[in-house]
1. Out of all the residues in segment 21-54, which are within 22 Å of Leu308 (Cβ to Cβ) and surrounded by fewer than 19 Cβ atoms within 10 Å (Cβ to Cβ)?
2. From the residues in segment 306-361 that are among the small types (Gly, Ala, Ser) and within 16 Å of ligand 1 (Cβ to nearest atom), which one is nearest to Val114 (Cα to Cα)?
3. Considering each residue of segment 89-124, count those that are among the aliphatic types (A, V, I, L, M) and touching a strand residue (DSSP E or B) at 6+ places or on another chain (Cβ under 7 Å), and give that number.
4. Of the conditions (1) within 19 Å of the chain's Cα centre (by Cα); (2) within 30 Å of Gly70 (Cβ to Cβ), Phe211 fails just one. Which one is it?
5. Checking Ala268 against (1) surrounded by fewer than 19 Cβ atoms within 10 Å (Cβ to Cβ); (2) more than 23 Å from Val142 (Cα to Cα); (3) touching a residue at least 12 places away in the same chain (Cβ under 8 Å), which single condition isn't satisfied?
6. Name the single residue that is nearest to Thr181 (Cα to Cα) among those in segment 358-373 being assigned to a helix (DSSP H, G or I) and within 9 Å of ligand 2 (Cβ to nearest atom).
7. Within segment 208-257, how many residues turn out to be assigned to a helix (DSSP H, G or I), buried (at least 19 other Cβ atoms within 10 Å of the Cβ) and either at pLDDT below 95 or within 16 Å of ligand 2 (Cβ to nearest atom) (or both)?
8. Does at least one position in segment 150-165 carry a residue that is more than 15 Å from ligand 2 (Cβ to nearest atom) and closer than 23 Å to Glu280 by Cβ?
Amino acid sequence: MGLVQWLKGTFLCHLIICYGFLVSGLLVNLLQICTLPLWPINKQLARRINCKLGYSITSQSVALLEWWSGTEVTFYTDPENCQLYGKENAIVVLNHNFEIDFLCGWTFCDRFGVLGASKCLAKKELSYLPVIGWMWYFLEMVFIKRKWEEDERSFVQSLQNLRDYPKKFWFLLHCEGTRFTEEKHRISMEVAEKKGLPKLKHHLLPRTKGFWVAVQNLRGTVAAVYCCTLNFRNNETPTLLGVINGKKYHPDLYIRRIPLESVPEDEAECSVWLHKLYQEKDQFQEDYSQTGCFPGPVITPPRGPWALINWLGWTCLLLYPLCLLLVQLVNYGSILTILATVAFCSAVSVGVRWMIGQTEIKRSSSYGVPLNN
Ligand SMILES: CC/C=C\C/C=C\C/C=C\C/C=C\C/C=C\C/C=C\CCC(=O)SCCNC(=O)CCNC(=O)[C@H](O)C(C)(C)COP(=O)(O)OP(=O)(O)OC[C@H]1O[C@@H](n2cnc3c(N)ncnc32)[C@H](O)[C@@H]1OP(=O)(O)O
Ligand SMILES: CCCCCCCCCCCCCCCCCC(=O)OC[C@@H](O)COP(=O)(O)O
C-alpha cells in the first residue's frame, strides 16, 4: 500500500474531511437562512443563490468520490441524446440497490451542469439530516411520508412549484420506494404475483403512483424521462465509508432518454408502462451480470475542476483557524480547554458517523416489509 493510500485511511484525514464538510455545510445552511427575506421580493434570484449554495455542499461529495477515492462513473448512452443532457429538464428513474447511488447521481448531475438545481422525491426522514436535509428545504426538494393519503396535497403542490424553476433540473425518482434487500424483494414479488405481473430479479416491484403524479404535474416543464440503470463491476458493494477511506469503485451507468410524450397520460396505462420499463431494466441488469457491461457506446465527459476547487477552498479556509486554535491550545491551553476541544472533535466525528449511517442499507427502513404497505 502506498503512502498516499495509507494516509487516506487515517483517522486524522477522516476527521479533517468530516470537520470541513460539517462546518462548511452548517455555514451554508446559515447563508441559506439569510436568503429568506429575499424570497418574497425576488423569488427567482433567491432560487439561483440557493442553487449555488447547494452546489457548494453537494459538490464536496462529488470531489470526495472523484478526486479522493478516484471513482469514475462510466456512462453508457446514445451520443445524440447526450447532447441534450443538462439542456432540458428531466425525470430520472433509477434503481435503488447501492449505498452510494446518490453520489453517482450527483456525479452524473455535475458532469452535465445541473448539480446545484437537481431534486429528488425523498422520504421525509431525510429532511431532518443536518447540512444535507436542511439544504434541501431551500432547494425545494419534494419530501413524502410514503403514505399517499397524507402526501397527495403537498406532493402535487411541490411539483407545481417547480414549473417556473429558473434553472435546468433533473428530478430523481426511485420508484421502488426503498432500498433493495432480499426480504423486501421476496415480499414485493409476492405482490407482483398477486397482481399477475412478471417477477423481477434485480428490482423491487415499482410503486407507480408517484411516477404518474410526477409526470402529470411536470408535463410541459420536463422534456423526457431518463431511465437510468446503475451497477458496479466485479460485484462491488460500495459504501460511503469505503469512499472516505479512498477506495476506488467502478460504477457503470446506462442512460436511456425517453421523450415525455411517449409516457401515457391515463393512470392505469402509465402504471402498465412503468412496470414494462422495470421489466426492461431488469433484463439490462441480468445481461450486465452475464457480460459485465451495458448496451450502447461509452461516453464519459471529463470531470470538471470546480468540485475540487470548491472543496479545497473550503478545506483551506476552515483549516487555517483550526490550526491557529490548536497552536494556541498547545501553547497556552488549560486542561479544560483541551478537554473541550477533544469533546468537540469527538462530537464532529460521532455526528458525521451518524449521518453516514443513514446511507447504510442495513439500517434501511421497514417500508415495503409488511404486506399491507
Ligand atoms: C446514478 C444516478 C443517476 C441519475 C441521478 C440523477 C439525478 C439525481 C438528481 C438529484 C439528486 C438529488 C438528491 C438525491 C440525493 C440523495 C437522496 C437519494 C435518495 C432518496 C430517495 C428516497 O428517499 S426513496 C423513498 C421515497 N420515494 C418513493 O417512495 C418513491 C416511490 N413511491 C411512490 O411513488 C409511491 O407511489 C408513493 C410514495 C407516492 C405513494 O405510495 P403508497 O404506498 O401510499 O401508494 P401506492 O399507490 O404507490 O402503493 C399502493 C400500491 O402498492 C402495492 N404494494 C403493496 N406492497 C407493495 C410492495 N412491497 N411493493 C410494491 N407494491 C406494493 C399495493 O398493492 C398497492 O397497489 P394498488 O394496485 O392496489 O394500488
Ligand atoms: C467532503 C464530503 C465529506 C462527506 C462526509 C460524509 C458526510 C455524510 C453525508 C451524508 C449524506 C446523506 C445523504 C443521504 C442520502 C441517502 C439516500 C438514501 O439512500 O436514502 C434512502 C431512501 O432512499 C430509502 O430509504 P429506506 O426505505 O431504504 O430506508
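The values are calculated or read from the model by the stated rules, or taken from the named source; none is laboratory data. Quick caveat, the model's predicted, so the values are computed rather than measured. Note that each Cβ is placed from the backbone with ideal geometry, even for glycine, and that neighbours are counted across all protein chains shown.
1. Val23, Leu26, Leu27, Leu31, Lys52
2. In this case the residue turns out to be Ala307.
3. Taking segment 89-124 as the starting set, the residues that turn out to be among the aliphatic types (A, V, I, L, M) are 90-94, 100, 103, 114-115, 117, 121-122.
With touching a strand residue (DSSP E or B) at 6+ places or on another chain (Cβ under 7 Å) added as a condition, the list becomes 90-94, 114, 121-122.
Total meeting the criteria: 8.
4. Status for Phe211: all satisfied but (2).
5. (3)
6. At the first step, the residues of segment 358-373 found to be assigned to a helix (DSSP H, G or I) are 361-363.
Adding the requirement that they be within 9 Å of ligand 2 (Cβ to nearest atom) leaves 361, 363.
On the way: Ile361: 8, Arg363: 11 Å.
This residue is Ile361.
7. Residues meeting the conditions: 6.
8. No - not one qualifying residue is present in segment 150-165.
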